[in-house]
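*Asks:* Pasting a structure here, questions to come.
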Amino acid sequence: MDETNLAELFKIPCPASLDTDEKVLIIQKQQDLRLIISHHLGKLQFRNVHSATNGFDALELMNQKNKYGFVICDMDMPVMGGLDFLNEVREDPRYQRGPFCLTMDNVSKEKLMLAIENGVDEILVKPFTLGDIWPKMQSCFKVFYNPKNPERVYELAKSLFRNQKLDEAAKVYSILSQTSQKSARPVVGLARIAMEKGDVEEALRQLTLAEEKNPHFVHLYTVRGDIYVKKEMWEEAIVAYTKAIELSPLNPVRYKNAAELLFKVKRYDDAIKLLNLATTHDLDFAELHHYLSQGYFLLKNYPEAITHVKRSLATNPESVTYLNQLGICLKETKSYDEAAKVYNKVIKIDPDNISALYNKAILHKARNETSEAIRLLERILKKKPDFTPAKDKIKEFQSGGGEKGAA
């Protein structure tokens, strides 16, 4: 079966024209450019336009089960650029891909070739005008919905996978593998299906075959790492995740996904090692500091935890979770005055926050302010009479006990 006939084989419909009711996603780092594009789209009668400042934030929008019928995305952005974003949307079965138009400036032959190699449907060169946008959108639409475009077939396979029609998805990936014999991409799709079915050995076999076809295909290593985590083969998982990071060192998804899985199995040291690779590449994103702060905190490395929880607070200054954690870290490093200020801030934001009240009581005891500590614990019990830790601490403090046990 020729690849060009696959859309016909699977009876994939191709809409005749771009519908202005489609949800459009604009991904640009510059606010003024986002507003200009939105304004132009409004003039073109598009009524459902959304925006994000980088590819990583855009993926979060898509994680909320949003489907975008068209994406206009910049190539170079902080945190995650356009090509990394497109690769995640193309390969991750959770996401539904539509026509993708890449904006860029300082155009070069190398940039154009890179865009084409990564599956970009159309390129819009900056600066551009209203007169430039609509023709490019039409061209982008026609490229994506061309019956000969294999991306439509991959989207069909992903849709079947999402809907747990695994045998049907396997059939599509198998045919794609036959028509693109040098591509690792459909073979990784078959590995995902085998993993979903619980056939780990078959999934690993497919990934070995994918690696033989293309050892630079990032997603084969991420899937392999996920499998090894499930099998509790920690060293092998770290090797696989590290390889994925080496191949795509500026993609925050690589770090975040690995950290999430390693945290679930309480491999905090391993997660921290991988996350610190991001800092060597000057990559900075909110989840990086979240996981590093949590990891160091759980390992009781409080000075490092303080560094990263403060970075997390820089983007979310009223997070009572981060503030409570910072207060504990400051108390453990005997920075009592700073800790007290942090707990006071939490209580100002949320006067009934049990963790802050309890931890401030522990702090008072650490400063030999026993009566103040007991007063706060009694305040907790008025709000939450069944809070056993407060009851136990009152007894302990009244009997002259210690001050350990932050919540």
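The values are calculated or read from the model by the stated rules, or taken from the named source; none is laboratory data. None of the values given here were measured: they were computed from a predicted structure. All Cβ positions, even for glycine, are placed from backbone atoms using ideal geometry, and neighbour counts span all protein chains on display.
*Asks:* Could you list, in sequence order, all residues of the range 227-281 that are touching a residue at least 40 places away in the same chain (Cβ under 8 Å) and among the small types (Gly, Ala, Ser)?
*Replies:* Hit for the range 227-281 is 248, nothing else.
*Asks:* Please list, ordered by first then second residue, the pairs with beta carbon atoms under 7 Å, 6 or more apart or interchain, first in the range 353-369 and outside the structural domain of residue 322 (by TED's automatic domain parsing) and at pLDDT 90 or above, second hydrophobic (A, V, I, L, M, F, W, C) and buried (at least 18 other Cβ atoms within 10 Å of the Cβ).
*Replies:* That search, which allows pairs on different chains as well, returns nothing.
*Asks:* Can you name the residue in the range 317-352 that is surrounded by 20 or more Cβ atoms within 10 Å (Cβ to Cβ) and either among the aromatic types (Phe, Trp, Tyr) or part of a loop (DSSP other than H, G, I, E, B) (or both) and is also farthest from the chain's Cα centre (by Cα) among such residues?
*Replies:* 343
*Asks:* Run residue 210 past the list (1) surrounded by fewer than 18 Cβ atoms within 10 Å (Cβ to Cβ); (2) over 19 Å from residue 12 (Cα atoms); (3) not assigned by TED's automatic domain parsing to the domain that holds residue 67 and report the number of the one that doesn't hold.
*Replies:* (1)
*Asks:* Could we say that residue 62 is among the aliphatic types (A, V, I, L, M) and farther than 23 Å from residue 143 by Cβ here?
*Replies:* No, not satisfied.
*Asks:* On the basis of being in a helix (DSSP H, G or I) and buried (at least 23 other Cβ atoms within 10 Å of the Cβ), does residue 293 make the cut?
*Replies:* It is true that residue 293 is in a helix (DSSP H, G or I) and buried (at least 23 other Cβ atoms within 10 Å of the Cβ).
*Asks:* Could I ask something else about it? Assuming residue 131 fulfils every condition listed in (1) in a helix (DSSP H, G or I); (2) surrounded by 14 or more Cβ atoms within 10 Å (Cβ to Cβ) apart from one, which condition is it?
*Replies:* Among (1) in a helix (DSSP H, G or I); (2) surrounded by 14 or more Cβ atoms within 10 Å (Cβ to Cβ), the lone unmet condition for residue 131 is (2).
*Asks:* Could you list, in sequence order, all residues of the range 184-207 that are in contact (Cβ under 8 Å) with a residue 40 or more places away in the chain and surrounded by fewer than 24 Cβ atoms within 10 Å (Cβ to Cβ)?
*Replies:* Of everything in the range 184-207, just one residue is in contact (Cβ under 8 Å) with a residue 40 or more places away in the chain and surrounded by fewer than 24 Cβ atoms within 10 Å (Cβ to Cβ), namely 185.
*Asks:* Among the helices (runs of 4 or more DSSP H) lying completely within the range 1-85, list those that include at least 2 residues that are in contact (Cβ under 8 Å) with a residue 40 or more places away in the chain and exposed (fewer than 12 other Cβ atoms within 10 Å of the Cβ).
*Replies:* Here the list is empty.
*Asks:* Just give me the residues in the range 208-225 being of a type in the set (A, V, I, L, M) and without any contact (Cβ under 8 Å) to a residue 60 or more places away in the chain, in sequence order.
*Replies:* Listed by number, the residues that qualify are 209, 210, 220, 223.
*Asks:* For the range 225-245, state whether one or more residues are within 16 Å of residue 93 (Cβ to Cβ), not assigned by TED's automatic domain parsing to the domain that holds residue 86 and not β-branched (Val, Ile, Thr).
*Replies:* Looking through the range 225-245, at least one residue is within 16 Å of residue 93 (Cβ to Cβ), not assigned by TED's automatic domain parsing to the domain that holds residue 86 and not β-branched (Val, Ile, Thr).
*Asks:* Under 6 Å between Cβ atoms, at least 6 apart or on separate chains: pull out the pairs that start in the range 300-322 with a residue that is of a type in the set (Asp, Glu) and end on any residue that is part of a helix (DSSP H, G or I) and exposed (fewer than 15 other Cβ atoms within 10 Å of the Cβ).
*Replies:* Sorted first by the residue in the range 300-322, then by its partner, the pairs are 318/349.
*Asks:* Between 90, 94, which is part of a loop (DSSP other than H, G, I, E, B), in contact (Cβ under 8 Å) with a residue 60 or more places away in the chain and under 21 Å from the mean Cα position of the chain (by Cα)?
*Replies:* 94
*Asks:* If you don't mind, there's one more thing I want to ask. (1) closer than 30 Å to residue 262 by Cα; (2) in a helix (DSSP H, G or I); (3) of a type in the set (Lys, Arg): which one isn't true of residue 300, the others all being true?
*Replies:* (2)
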